[in-house]
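Below is one structure, written out as structure tokens; comments come after it.
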Amino acid sequence: MTEADHNPGGPGPLELSESEMTSLVNAAMVRITGLLATVADQPLDGSLEVSPEFIRGLREPLPESPEDPEALLDHLFQELVPRNLNPISPGFMGYIPGGGLFHAAAADLISNSVNRYLGVTSVSPALNQLERNVIQWFCQILGLPEGAGGFLTTGGSLANLSALVAARVARFGDDDFSSGVIYLSDQAHNCVEKSARIAGFSTRAMRTLPSDGNFRLCPDKLRRAIQQDRETGLTPFLVTASAGTTNTGAVDPLEELADLARSENLWFHVDAAYGGFFCLTERGKRAMAGIERADSVALDPHKTLFLPYGTGALLVRAPDTLRRAHSSTADYLPAMQDDPDLLDFCELSPELTRPFRGLRVWLPMKMHGAGVFRHYLDEKLDLARQVEQAVAENPALELLAEAELSVVAFAVTDRGQALQQRNRETEQLMGAINQGQKVKLTGTLLHGVFAIRVAIVVFRTHRDRIEVLLREIQRALGDTGLARPDQAAPTLDSG
Ligand SMILES: *Cc1c(COP(=O)(O)O)cnc(C)c1O
């Protein structure tokens, strides 16, 4: 029988039977568990061997006839999944890593199967409250005051975008905002600048201030820039600070910036997409003291809460500011709430129809408790200290920034060679480290100096892989001739 001649009175092919559902999920599970069981041994970057011809060979016409799900999954898991960067590996320390707790995959299976509508609370009041509990936990982790709130979104970029729009509306309402000025450091994530453009600001509205030697935003420079802009008739209205920059994990001086923002009547936004969840730990809380004074904070549970991609959060001190920026009604929509204890996500955020993201966070948090996350994050901070120390003790290498959170940035030692030569050497060293496929690092430019970054965020990264990393660095130094082969390899116990 083909899919077209199913019984017209029956459920039809799209309504899978219980056994079809079970075998589909089982078929997926067998392959997922197979993959995860060997995740530590898989190459870090399967994209390296992919040719343009191979990609062209993957083009497909619209399918008109049914295919066997087992064969489809085999194609996916054998041909496609391995041919990518592998950000769930314990050796992945590039960019800001993912990780991807399996709990979230189970949560998505449930969310997508029950497919409740979370945009408007009157039609999903119970699950709405579950997602708001998650938001309240996040507010509590950061120490935001009573009454703070927010929403879950796709990631840090959209969280930053909504924060900028909320700040703009808070200051200008419906008025012309062409005199508005936004302040950020040269270490701010590029999505802040992108958000500002989407929010209607030209690059002329952006003041990108040079960061200090520790890659932090300097309050004195900010104060002077604000003063200058006021003198020329502009309207300073927003400062965005970083709580954990992508380049080095630097935390801007949040207390001082909060003071300055208050005295200058600026909206104080903190981009904590990478760093924010370290507030679960004592060290993180100390490093980010002052974050609780922000008007808005962007977070990325898909980074430092170890969730798979697709979950970000925006928290604000006063949810009404989000409502002013995003609220909109229509006759075809269910009624919105005016009860202050209830909340329609579509009133606070750009989305109307949205996935039920809350369960991805709720399930692992409830299953394990916050302490387990705190412990894992503390471990990442410890591992970064160990890498930092090993680099500091290696005469062939030079630390380029203090490792405040879990990113360590370094270069080959400055032996008086020209900057370009030094940058070339560091880049070669990074290539040689990655060559082994046991770890994957990426680089950046820090005030013109090429830096290798070690970003420890994957929950699977433990001490054993950091030892591998240090051995790989030493091997690569030998391979590139940047260190004498007789030089002792750095170990975690050195010093
Ligand atoms: C990753 C990151 C972002 C962007 O978040 P996405 O989830 O990639 O959209 C913004 N700011 C910082 C500091 C980041 O590390």
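Table for the structure above
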quantity: Computed magnitude of the charge dipole of the stretch 349-390 (debye, nearest 20; Cβ of K, R +1, Cβ of D, E -1); calculated: 280 debye
quantity: DSSP-defined beta bridges in the stretch 120-263 - what % are antiparallel, rounded to 5; calculated: 10 percent
quantity: Dipole magnitude of the stretch 364-475, debye to nearest 20 (Cβ charges: Lys/Arg +1, Asp/Glu -1, about Cα centre); calculated: 440 debye
quantity: Assigned charges on the beta-carbon of Lys, Arg, Asp, Glu; the chain dipole about Cα centre (debye); calculated: 1300 debye
quantity: DSSP beta bridge pairing in the stretch 236-332, given as percent antiparallel to the nearest 5; calculated: 35 percent
quantity: Exceeding the 20 Å Cα-Cα cut-off - candidates Lys285/Lys440; Lys221/Lys285; Lys303/Lys440; Lys380/Lys440; calculated: Lys285/Lys440; Lys221/Lys285
quantity: Sum of -39500 (n - 2.57) over DSSP H runs of 4+, divided by residues of the chain (222 nm, nearest 500); calculated: -12500 deg cm²/dmol
quantity: Gyration tensor (alpha-carbon) shape descriptor, the stretch 228-335, a/c threshold 1.5; calculated: oblate
quantity: Leu80/Ser19 FRET efficiency (R0 25 Å; Cβ-Cβ; nearest 0.05); calculated: 0.40
quantity: When the chain is reduced to its Cα atoms, the Kirkwood hydrodynamic radius in Å; calculated: 24.8 Å
quantity: Packing-based ranking, highest mean first, of 238-245, 162-169 given that Cβ atoms within 10 Å are counted; calculated: 238-245, 162-169
quantity: Selection from Leu217, Phe54, Tyr95, by position along the positive dipole direction of the chain (Cβ); calculated: Leu217
quantity: Cα principal axis extents for the stretch 68-147, largest first, Å; calculated: 49, 36, 17
quantity: Protection-proxy order for peptides 50-58, 301-309, 458-466, each taking the mean of Cβ atoms within 10 Å per residue, highest first; calculated: 301-309, 458-466, 50-58
quantity: Contact order relative to length of the chain, as percent, for alpha carbon pairs under 8 angstrom and 6 or more apart; calculated: 20 percent
quantity: All aspartates and glutamates inside 12 Å of Lys438 as judged from Cα atoms, apart from same-chain residues fewer than 8 positions distant; calculated: Asp41, Asp45, Asp464, Glu467, Glu472
quantity: Cα lying deepest toward the dipole's positive end in the chain, options Val407, Leu322, Gly156, charges on Cβ; calculated: Val407
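Read the figures in this text as sums done on the coordinates, not as results from a lab. A quick note: this is a predicted structure, and the numbers were derived from the prediction, not measured. Cβ atoms come from the backbone with ideal geometry, glycine included; neighbour counts cover every protein chain shown.
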